[in-house]
Amino acid sequence: LRERIFGEIKARIEETDISAPVPRDDWEYVTRTVEGLQYAIHARRPRGGGEEQVLLDENVEAAGHPYFALGGFAITPDHAVVAYSVDTSGGERYALHFRDLTTGRDFADVVDDVTYGLAWADDARTCFYVRLDDSMRPWQVWRHELGTEAAADVLVFQEDDERFYVTVHRTRSGGYVLVDSASKTQSEIWFVPANDPTATPAVVAAREAGLEYTVEHHRDAAHGERFLVITNADGARNFKLVAAPTSDPGRAAWVELVPHRADVRLEDVDAFASHIVLSERREGLVELRVLDCASGTDHVIAFPDPVYTAWVGANAEFDTGVLRYGYTSLVAPATDVDYDLTAHTAKIVKTQPVRGGYDASAYTSARVWAEQPDGARVPMSIVHRKDVALDGTAPALLYGYGAYEHSTDATFRASRLSLLDRGFVFAIAHVRGGGELGRAWYEAGRLEYKRNSFLDFVGCAEALVAHGYTTPARLVARGGSAGGLLMGGVVNLRPDLFAAIVAEVPFVDVLTTMLDAELPLTITEWEEWGDPRQADDYAWIKEYSPYDNVRAQAYPAMLVTTALNDPRVQYWEPAKWVAKLRTLNTSDRPIMLHTELDAGHGGPSGRYDAWREEAMILAFVAAATGVTA
């Protein structure tokens with residue numbers, strides 16, 4: 001069955017394919033895949049047509065390595081050099097290289113042990129990057145001058161508070177390099193003029209307890225130079241948009257542009273020469289709102305499906321009247337769209353092909369709400385074939401995450417068709433702890449309220465049964481990482497409600513991990529899960545921690561995955577959890593552990609290897625519900 005499903009996945013995906021071109025100055029940048037090759041090829045061609053130039057072939061770089069991941073990929077403003085970082089273990093510690101795009105050869109410069117985040121200055125010689133501390137926390141920004149030894153690099157910024165992560169990026173306008181230092185509940189952003197890379201960084205707004213903000217740079221004739229700031233300042237729980245002059249951007253100078261709204265979560269801002277695009281979330285669905293800087297008017301881009309997601313895509317240019325956005329739903333493959341910001345017209349640039357005669361009209365999607373005993377209404381996104389009988393006999397897969405204010409949006413996956421075409425119902429439970437319904441939804445599923453995430457998922461499973469979608473004997477639950485924690489909590493609460501559980505790289509030994517400050521990332525996670533050195537925090541973590549609450553009862557069939565080099569969830573967490581489950585399980589259903597020996601948190605790096613792992617999981621899901629062909 002695994003081999004059959006793997007063959008189906010391959011047959012649906014266009015193995016030799018090319019991305020929608022991203023224009024920037026005189027070039028168009030693309031990413032290609034080739035049938036039989038595991039990794040992507042990065043290339044460019046002259047804008048408007050011409051001979052393609054390969055910039056980086058990941059397959060060449062991956063040769064001889066069982067694992068390969070490209071971390072950063074940043075091209076200089078003059079398009080002459082690319083900085084790129086690679087990881088060959090899955091441990092997420094990258095080596096930074098620099099390639100001359102005229103000769104195709106790498107410079108001698110190599111900077112080891114870097115992490116995500118790259119930014120070039122205007123001189124096309126100065127590159128900013130981020131380093132990790134011993135606990136895998138991004139904590140320093142360094143400056144490298146092309147053609148020099150890494151030992152000569154200059155420390156630009158250091159974050160000593162162990163709760164904070166550091167990132168760096170160049171604004172779309174090209175005006176600034178921004179250093180973002182943030183914990184789960186605070187943020188502070190520093191800026192360096194891109195035309196003066198050795199300048200001392202200046203702060204936008206000094207950190208305050210509970211103050212969060214993000215920054216984008218904007219300039220036009222009417223408003224001059226300004227920072228656009230999304231912030232929760234002054235009680236804006238769902239965030240608001242303010243503007244600040246770059247010459248004096250502190251809080252005292254902030255001017256409100258878009259006020260706080262109780263029913264809309266403002267998530268992001270993208271600035272262009274004449275327009276500002278806001279990414280917002282209402283009733284769990286993404287909206288893209290366009291503000292015209294000259295007229296002051298705004299409008300929302302319309303989307304057709306009842307459950308979907310949209311996002312601002314790759315937009316490399318600031319001085320443009322065209323927005324590239326992406327769109328997908330549970331039935332619609334990912335589509336790149338160019339949207340004229342003035343004319344309000346859309347042009348499809350590329351729709352991800354689905355081979356094998358996929359007919360979207362054969363499937364239907366819906367939004368269903370599960371009522372909780374405490375009054376919460378939990379949304380579910382559901383998809384199935386139209387010919388599936390909703391009489392309680394269909395097999396079903398329920399997916400969930402529910403942490404970090406991350407929204408699990410309704411997206412299309414070609415691999416999912418292997419279940420849908422076998423009569424499955426697929427559903428996403430948008431439980432508390434995620435960000436689908438705003439900041440309050442997130443806060444109601446973290447710290448002492450974490451059990452709400454588990455109860456919401458159980459409520460969604462019960463709603464699927466009550467609405468006739470499935471029955472417990474044919475219902476499987478799936479989640480990964482923090483979603484694996486969700487699986488662990490749910491299976492302890494209601495093992496009778498599921499035929500099987502899939503927990504991928506699950507964070508299940510919460511109490512022990514959060515007590516060990518020497519482990520990677522522990523301290524930065526206290527604001528999400530709690531600090532068990534405090535008595536109250538210890539009590540609520542112990543109450544829900546999956547490993548600590550395994551008990552003698554009949555557990556469903558379980559497939560648990562881990563990876564030896566995972567720096568986020570150490571492999572021993574799922575291993576010891578499986579051992580305890582096997583010891584106390586009173587049923588005869590299998591509890592299996594699958595360990596990748598050459599991978600990290602994201603699993604195998606090559607696309608064919610990733611498809612094989614997905615085929616294994618889908619085969620387990622199918623077989624657990626009695627579907628064996």
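Values quoted throughout were computed directly from the atomic coordinates according to the rules given, and no laboratory measurement underlies them. Given the structure is predicted, the values throughout are model-derived calculations rather than measurements. No Cβ is skipped: glycine too gets one built from the backbone with ideal geometry, and neighbour counts run over all protein chains shown.
Amide H to amide H, with H built 1.01 Å from N, residue 596 comes under 5 Å of 562, 563, 564, counting only residues 5 or more places away or on other chains. Each part gets one Cα centre, and for the range 357-385 versus the range 189-218 those centres are 41 Å apart. Rounded to the nearest 20, the Cβ-based charge dipole of the chain about its Cα centre (Lys and Arg +1, Asp and Glu -1) stands at 2100 debye. Farthest toward the positive end of the dipole of the chain, out of 55, 519, 380, is the Cα of 380, where the dipole comes from beta carbon charges about the Cα centre. Scoring 135-147, 434-446, 482-494, 361-373 by mean Cβ neighbours within 10 Å over their residues and listing the highest first yields 482-494, 434-446, 135-147, 361-373. Across the range 24-134, the relative contact order, built from alpha-carbon pairs under 8 Å that are at least six residues apart, equals 16 percent. For the pair residue 553 and residue 1, the difference between a 0.36 nm per residue extended length and the Cα-Cα distance amounts to 195.7 nm. Per residue, the average separation of C-alpha pairs within less than 8 Å and at least 6 apart gives the range 515-629 a relative contact order of 23 percent. Charge tally around residue 132: other residues with Cβ under 14 Å, Lys/Arg +1 each, Asp/Glu -1 each, net -4. Distance between the C-alpha centres of the range 466-535 and the range 303-324: 33 Å, rounded to the whole angstrom.
Here the contact order of the chain, divided by its residue count and restricted to Cα pairs under 8 Å and six or more residues apart, works out to 10 percent. What translational D, rounded to a whole number of µm²/s, comes out for the chain from Stokes-Einstein when the hydrodynamic radius is the Kirkwood one over Cα pairs, at 20 °C and 1.002 mPa s? Diffusion coefficient, whole number: 83 µm²/s. Converting phi to 3J(HN,Hα) with the Karplus coefficients 6.51, -1.76 and 1.60 and the offset θ = phi - 60°, the range 150-166 yields 4, 5, 8, 4, 10, 6, 9, 8, 9, 10, 8, 6, 6, 7, 9, 9, 10 Hz in sequence order, with x at every glycine or proline.
Applied to the range 568-577, the Karplus parametrisation 6.51 cos²θ - 1.76 cosθ + 1.60 on θ = phi - 60° returns per-residue 3J(HN,Hα) values of 9, 10, 4, 4, 6, 4, x, 5, 6, 5 Hz, with x for Gly and Pro.
Working note: 222 nm ellipticity from helices only, DSSP H runs with n ≥ 4, each -39,500 (n - 2.57), summed and divided by the residues of the chain, gives -5000 deg cm²/dmol to the nearest 500.
Between amide H atoms placed 1.01 Å from N, distances below 5 Å from residue 349 occur with 336, 337, 338, all of them 5 or more places distant or on a separate chain.
Less than 9 Å Cβ to Cβ from residue 441, Lys/Arg counted +1 and Asp/Glu -1: what total charge do the surrounding residues give? It works out to a net charge of 0. Under 9 Å from the Cβ of residue 181, count the other residues' Cβ atoms, weight Lys and Arg +1, Asp and Glu -1, and hand me the total. Within the 9 Å Cβ shell, the charges total -3. At an R0 of 41 angstrom, the distance between the Cβ atoms of residue 361 and residue 521 translates into a FRET efficiency of 0.35.
The label-point distance for residue 584 and residue 16, in a model that sets each label 7 Å from Cα toward Cβ, rounds to 5.5 nm. Between the range 536-592 and the range 69-143, the C-alpha centres lie 38 angstrom from each other. Protection proxy ranking for 399-412, 30-43, using the average of other Cβ atoms within 10 Å per residue and placing the highest first: 399-412, 30-43. With viscosity set to 0.890 mPa s and temperature to 25 °C, compute the Stokes-Einstein D of the range 165-323, Rh being the Kirkwood radius across alpha carbon pairs; µm²/s, no decimals. Taking Rh from Cα pairs, D becomes 150 µm²/s.
For residue 386, a cut-off of 17 angstrom between C-alpha atoms picks up these aspartates and glutamates, skipping any fewer than 8 places away in its own chain: 305, 359, 421. The Cα trace of the range 202-277 gives Rg and Dmax of 12.0, 36 Å, the first to one decimal, the second as a whole number. Quick check on the range 1-122: take the gyration tensor over C-alpha atoms, sort the square-rooted eigenvalues as a ≥ b ≥ c, and tell me if it's rounded (a/c under 1.5), prolate or oblate. Here the range 1-122 falls in the oblate category. Simple point charges give the picture: +1 on the Cβ of Lys and Arg, -1 on the Cβ of Asp and Glu, and for the range 424-494 a dipole about the Cα centre of about 120 debye.
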